[in-house]
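Trainee: First the structure, which I've put down as structure tokens, then a few questions once you've had a look.
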């Protein structure tokens, strides 16, 4: 009996079968790679958006801290205080500029800045004691009323300026930094008179500390009885929040090549101003890639001079907030602050749509000649002004 020769088909796959198998395998691998890459990109994008939202909330908390300290050991408005000497300038705890020119210019520095019609570029200015948490007891004035000698054994003074645990050694560096030229002093006598003067110098000699100021108040009269013993003195600083392109304090400036990809890095900055010359003495970045800063105000609508009534609180926005702030700064009770920031890149997969009037921005267009838009995250808070409310002016 002759043995049958095995069929060649049993030896393996044909060429067609091999090609089909390889094609299917390649498709599976490509699908897995595509899905994995897409998932990775989505994850990275969500991480960037989460970081953007966290940065925005932290910036809002920084603004909240200063807003709540506005008017601390100062005044809601020097025009409604009992003063013997007219201040060299009006001192207000809160000032607001709707659509500040410099801030709007920073937004318009983007190639497509004008397309973002719902962005807001306000400026918020605050005055109060932002250097310490105390006012300080005056031991006496000198014979001209131009230098105040402070009670260094007072607990508030020790808390702020003591250099050791016993509280008997004064740190001259801290003292002179707090009472530095360019700031103002709020002095309140035991008779209830208020003075707003400019710091000239601060001196520490052993266990004695004094602050000189202008103009001199004089002593022994009806404004400053005796040598002013028992008066309270506090330093006042003026800080402001605004938008600024490429702030100088950033670790590395935006390069020209980077700006071609991201556009200008506009930041929400905190600036301190010299209260005499109005010059900017310090700038700190609070939030990078900012594109929206809106401040509205809630006022007690009772007439100035009558008893406050919290039930008559009214929210004013934009130009009305600025106008009312100038007319009756002592009656502002809270601020409604909204901060917005964008992602660095204009995402081509995130389509641009025209802004909806009256709604907060959700997209920001950086370049008009490129598709897509940058993603936006905003944060809003109503922040009370306790130092103004408790005065009831």
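Trainee: Looking at (1) in contact (Cβ under 8 Å) with a residue 24 or more places away in the chain; (2) crowded, with 19+ Cβ neighbours inside 10 Å, which one does residue 316 not meet, given that it meets all the others?
Mentor: Going through (1) in contact (Cβ under 8 Å) with a residue 24 or more places away in the chain; (2) crowded, with 19+ Cβ neighbours inside 10 Å one by one, residue 316 breaks only (1).
Trainee: Right, another one. Residue by residue through the stretch 331-352, note down the ones that are in contact with a strand residue (DSSP E or B) (Cβ under 6 Å, 6 or more places away or on another chain) and either assigned to a loop (DSSP other than H, G, I, E, B) or at pLDDT below 90 (or both).
Mentor: The answer is 343, 346, 350, 352.
Trainee: Would a scan of the stretch 243-263 turn up a residue that is out of contact with any helix residue (DSSP H, G or I) (no Cβ under 6 Å at 6 or more places or on another chain), in a strand (DSSP E or B) and under 29 Å from residue 95 (Cα atoms)?
Mentor: The answer is no, given that none of the residues of the stretch 243-263 is out of contact with any helix residue (DSSP H, G or I) (no Cβ under 6 Å at 6 or more places or on another chain), in a strand (DSSP E or B) and under 29 Å from residue 95 (Cα atoms).
Trainee: Just for the stretch 232-246: of the residues that are surrounded by 17 or more Cβ atoms within 10 Å (Cβ to Cβ) and more than 22 Å from residue 172 (Cα to Cα), which one is modelled with the lowest pLDDT?
Mentor: Only one residue tops the list, namely 245.
Trainee: Does the stretch 206-213 contain at least one residue that is buried (at least 21 other Cβ atoms within 10 Å of the Cβ) and touching a helix residue (DSSP H, G or I) at 6+ places or on another chain (Cβ under 7 Å)?
Mentor: Yes.
Trainee: May I ask you to list the residues in the stretch 81-103 that are buried (at least 17 other Cβ atoms within 10 Å of the Cβ) and in contact with a helix residue (DSSP H, G or I) (Cβ under 7 Å, 6 or more places away or on another chain)?
Mentor: 87, 91, 92, 93, 94, 95, 96, 97, 98
Okay, residues lined up against (1) within 22 Å of the chain's Cα centre (by Cα); (2) outside the structural domain of residue 228 (by the TED database); (3) surrounded by fewer than 21 Cβ atoms within 10 Å (Cβ to Cβ):
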position	(1), (2), (3)
105	yes, yes, yes
109	yes, yes, yes
143	no, no, yes
150	no, no, no
163	no, no, yes
190	no, no, yes
198	no, no, yes
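Trainee: Further question: Looking at 331, 342, which one is surrounded by 18 or more Cβ atoms within 10 Å (Cβ to Cβ) and closer than 18 Å to residue 297 by Cα?
Mentor: Criteria check complete, one pass: 331.
Trainee: Further question: What are the residues in the stretch 265-307 that are more than 18 Å from the chain's Cα centre (by Cα) and crowded, with 19+ Cβ neighbours inside 10 Å, if any?
Mentor: Within the stretch 265-307, 275, 298, 299, 300 meet the criteria.
Trainee: Now, a different point. Looking at 323, 378, which one is surrounded by fewer than 21 Cβ atoms within 10 Å (Cβ to Cβ) and within 26 Å of residue 78 (Cβ to Cβ)?
Mentor: 323
Trainee: For the structure I just gave you, tell me whether residue 320 is in a loop (DSSP other than H, G, I, E, B) and either under 15 Å from residue 120 (Cβ atoms) or touching a helix residue (DSSP H, G or I) at 6+ places or on another chain (Cβ under 9 Å) (or both).
Mentor: It is false that residue 320 is in a loop (DSSP other than H, G, I, E, B) and either under 15 Å from residue 120 (Cβ atoms) or touching a helix residue (DSSP H, G or I) at 6+ places or on another chain (Cβ under 9 Å) (or both).
Trainee: Further, regarding this structure: Name the single residue that is nearest to residue 188 (Cα to Cα) among those in the stretch 77-103 being in a strand (DSSP E or B) and under 16 Å from the mean Cα position of the chain (by Cα).
Mentor: 94
The values are calculated or read from the model by the stated rules, or taken from the named source; none is laboratory data. All of these numbers come straight from a predicted model, not from anything done at the bench. All Cβ positions, glycine included, derive from the backbone under ideal geometry; neighbour counts span all protein chains shown.
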